[in-house]
Amino acid sequence: MHRQPHLDAFVNGSVCGSCNSGWMSELETRVDPIFQKLTTGTDIRDLAQNEIDTLARWTGKTAIVLGYVLPVAAVVPSFIRKSFLPTYAAPPHLRVF
Ligand SMILES: [Zn+2]
């Protein structure tokens with residue numbers, strides 16, 4: 001049987017308020033115009049490098065957060081989660097298959 005999580009489950013208690021209203025919110029704001037482009041005919045190959053970086057970072061962040069609301073949690077290790085923080089020196093360490 002396939003079960004979808006109820007929308008309330010997407011309020012993720014594992015994300016602290018500071019991150020949620022800070023860098024995660026900023027990332028959501030930065031990715032919006034990119035989604036606007038992609039849903040109005042812009043080919044992904046025509047995005048600028050910084051837009052691709054933002055889209056990749058948002059995809060990774062969203063996959064990590066959603067991993068907590070799956071029926072069986074798929075928790076990404078801490079050292080990878082920390083690489084998504086804006087203060088982390090190197091790009092995030094995550095591959096999405
Ligand atoms: Zn936090």
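The values are calculated or read from the model by the stated rules, or taken from the named source; none is laboratory data. Note that the coordinates shown come from a computational prediction; the quantities given were computed from them, not determined experimentally. Cβ sites come from the backbone with ideal geometry, for glycine too, and all protein chains shown count toward neighbours.
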Check your understanding: Looking at Asp46, Asp53, Asp32, which is the one that is under 17 Å from Phe84 (Cα atoms) and among the charged types (D, E, K, R)?
Key -> Asp53
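Return the residue satisfying two criteria in turn: it lies in region 54-82 and is among the charged types (D, E, K, R) and crowded, with 17+ Cβ neighbours inside 10 Å, and of such residues it is nearest to Leu38 (Cα to Cα). Explain how you work it out, then say what you get.
Taking region 54-82 as the starting set, the residues that turn out to be among the charged types (D, E, K, R) are 57, 61, 81-82.
Remaining after also requiring crowded, with 17+ Cβ neighbours inside 10 Å: 57, 61, 81.
Working: Arg57: 16, Lys61: 19, Arg81: 27 Å.
The selected residue is Arg57.
Residue-by-condition table, conditions (1) charged (D, E, K, R); (2) assigned to a helix (DSSP H, G or I); (3) more than 23 Å from Tyr88 (Cα to Cα); (4) modelled with pLDDT of 95 or more:
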| site | (1), (2), (3), (4) |
| --- | --- |
| Arg3 | yes, no, yes, no |
| Gly13 | no, no, no, no |
| Thr29 | no, yes, no, yes |
| Gln36 | no, yes, yes, yes |
| Ala56 | no, yes, no, no |
| Val69 | no, no, yes, no |
